[in-house]
Structure formats: C-alpha cells, structure tokens
Amino acid sequence: VIMDVPPKMHESFDAFKKYLQRVTGFFIVEDHVMNTTEGLIDQRFYYELSERATQQLLAVLRRAVSASYNPDLMLDMKIVVVLFCAAIKESGFPVTPLLDVLMELRESYQQLLLNQWSIKFKEILRKDNYIQMVIEDETQYQLLLRQFPLRIEATERLPFPRSLPYSESVPKIFLEIKEFAAVCAKFAKGLNVSKTEIDDMIRKPSNLLLTKTLKSDLVELTAAESETQLNFSQVNL
C-alpha cells in the first residue's frame, strides 16, 4: 500500500490525499487486527511492521515535498499530513518522524515563496524609472500613506504638488513584503502552535527576504546598470 505511489503525486492534491487515506486505512486495519485477534499478529511483529512502514512512508513524503513547486498545493498537503498524523496517533503509531516532514514542508514552502518574491522584486525594480514620486494633492497623499505609512516631517511641510524622496518602487516593494508575511503565516493555519512559533514562521523568512533576496536583486540591478553605462561610455569613445 505504501509503495504504491500515484504518478506525479507532488502535482495533484487529490492524488496525495487519496494516497494518505489508503495508508491511514492500512495502519488502522493492522491495529484493529492486533487488538481483536489472538495469535494472528503479535505485538513485536506489529511494531516492526510499523517501523518499516513509517520509514517507507517518510521516504515517499520527502520525495513528494522536494518535488513540489506549488505553494498552494503545499498548504493543502500540510493539512492532509496533519490529519494523517492525528489519525494514526490514535492507533499508537509513532508520528514524531512524520512531524519532521512538516518542518521540511514548511522550509520548502518558504523557499518557494522567496523565489517567487525575488521575481516580483526584479519586475518592480525593472519597471521603475527611479524618479522621485510626485503627489498632486492631499487625497493622493493620504491614499499613499494607507499603503505605505511613512511620514517624513520635512516632506510634509512642502506644498502640493509634493516631491517625495523615493521612487515608485519603494511603496510597491513595501506592499509586497507585507503580502509575503501574510502568505508565510498561512502555513500556521491548522497547526497546534504557539504565537511565538507563528511569529518565527513569519520573522525568519521575512528576514531572509530582506537581507538576502531583496539585497541580491538590488545588487544584480546595480551591476546590470553599471555594465550598461560602461557599454554606453565605450560606444561614445
């Protein structure tokens, strides 16, 4: 049952769910047979079977996790794994190794998000003209503040139309960072975790987003701009 893995299970939530449903049935039936019959299955055989089955299942789940490239599917996979662990725990099967898979799933989920947001950042930076934003009136300014709540005292004393000390990419990237944190928090849904653990699920990948992903994208942009200017200078020469 465990080794009968559907093809491309990492791409189909339905296939992943049905697979774990079959495995759940296997564990529950084995437990029921041991507890309702005499001599058919002894406890030692039962636990050896459980250990082998768990190790095989771990290998299958890890392959599915490592091969998946869909964050939304990963969220669905997480819920199924949580329900599966709850079901077989009632039958006395060890679930701690399976819970480790959840941590691996979370790390893969966060890495996929980092990759996606890197693409978003690059697109925002590519489209920016790097000219100061100009706000025409108070209504437009208040709308901007709702999206990007940064007040600069010296700027607020200026009359309209008002030039801001940053270009359009700054508030856009700020909104993307907020969205990233919200999407990271989705992984905590359905898990029995503390607020501190939820904060960690948001803070750690968000720090990576700022210190690694965004930084790398800015360095790449700067390098590309420098190369363009160098080529332009060579043409002029």
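The values are calculated or read from the model by the stated rules, or taken from the named source; none is laboratory data. The model shown is predicted, which means the values in this text are computed figures rather than measured ones. A quick note on method: Cβ atoms are made from the backbone with ideal geometry, for glycine too, and the neighbour counts reach across all protein chains shown.
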message: Can you confirm whether THR37 is hydroxyl-bearing (Ser, Thr, Tyr) and over 20 Å from VAL80 (Cβ atoms)?
response: yes
Check on MET77, surrounded by fewer than 16 Cβ atoms within 10 Å (Cβ to Cβ), hydrophobic (A, V, I, L, M, F, W, C) and over 30 Å from LYS172 (Cβ atoms): no
task: Have a look at TYR19, TYR47 and point out the one that is more than 27 Å from VAL193 (Cα to Cα), in a helix (DSSP H, G or I) and not β-branched (Val, Ile, Thr).
output: TYR47
- prompt: In the stretch 159-176, which residues are part of a loop (DSSP other than H, G, I, E, B) and more than 14 Å from ARG126 (Cβ to Cβ)?
  reply: PRO159, PHE160, PRO161, LEU164, PRO165, TYR166
message: Against the condition in contact with a Lys or Arg (Cβ under 9 Å, 6 or more places away or on another chain) and not assigned by TED's automatic domain parsing to the domain that holds ARG62, how does VAL134 come out, does it pass?
response: yes
message: Can you find a residue that is touching a helix residue (DSSP H, G or I) at 6+ places or on another chain (Cβ under 6 Å) and more than 27 Å from LEU113 (Cβ to Cβ) anywhere in the stretch 173-182?
response: no
message: Looking at the stretch 214-234, can you tell me whether even one residue there is surrounded by 11 or more Cβ atoms within 10 Å (Cβ to Cβ), β-branched (Val, Ile, Thr), at pLDDT 90 or above and in the same structural domain as PRO149 (by TED's automatic domain parsing)?
response: no
Filtered residue count, the stretch 33-44, keeping only those that are surrounded by fewer than 13 Cβ atoms within 10 Å (Cβ to Cβ), at pLDDT below 75 and in a helix (DSSP H, G or I): 2
- request: With the condition kept exactly as written, say whether any residue in the stretch 88-100 is in contact (Cβ under 8 Å) with a residue 12 or more places away in the chain, small (Gly, Ala, Ser) and assigned to a loop (DSSP other than H, G, I, E, B).
  value: yes
statement: Flagged in the stretch 86-135 as among the hydroxyl-bearing types (Ser, Thr, Tyr) and more than 18 Å from ALA64 (Cβ to Cβ), in numbering order, are SER91, THR96, SER118, TYR130
query: How many residues are without any contact (Cβ under 8 Å) to a residue 40 or more places away in the chain and surrounded by 16 or more Cβ atoms within 10 Å (Cβ to Cβ) if we restrict to the stretch 50-73?
result: 0
message: Conditions first: (1) surrounded by fewer than 10 Cβ atoms within 10 Å (Cβ to Cβ); (2) under 28 Å from the mean Cα position of the chain (by Cα). ARG151 passes all but one, so which condition is the exception?
response: (2)
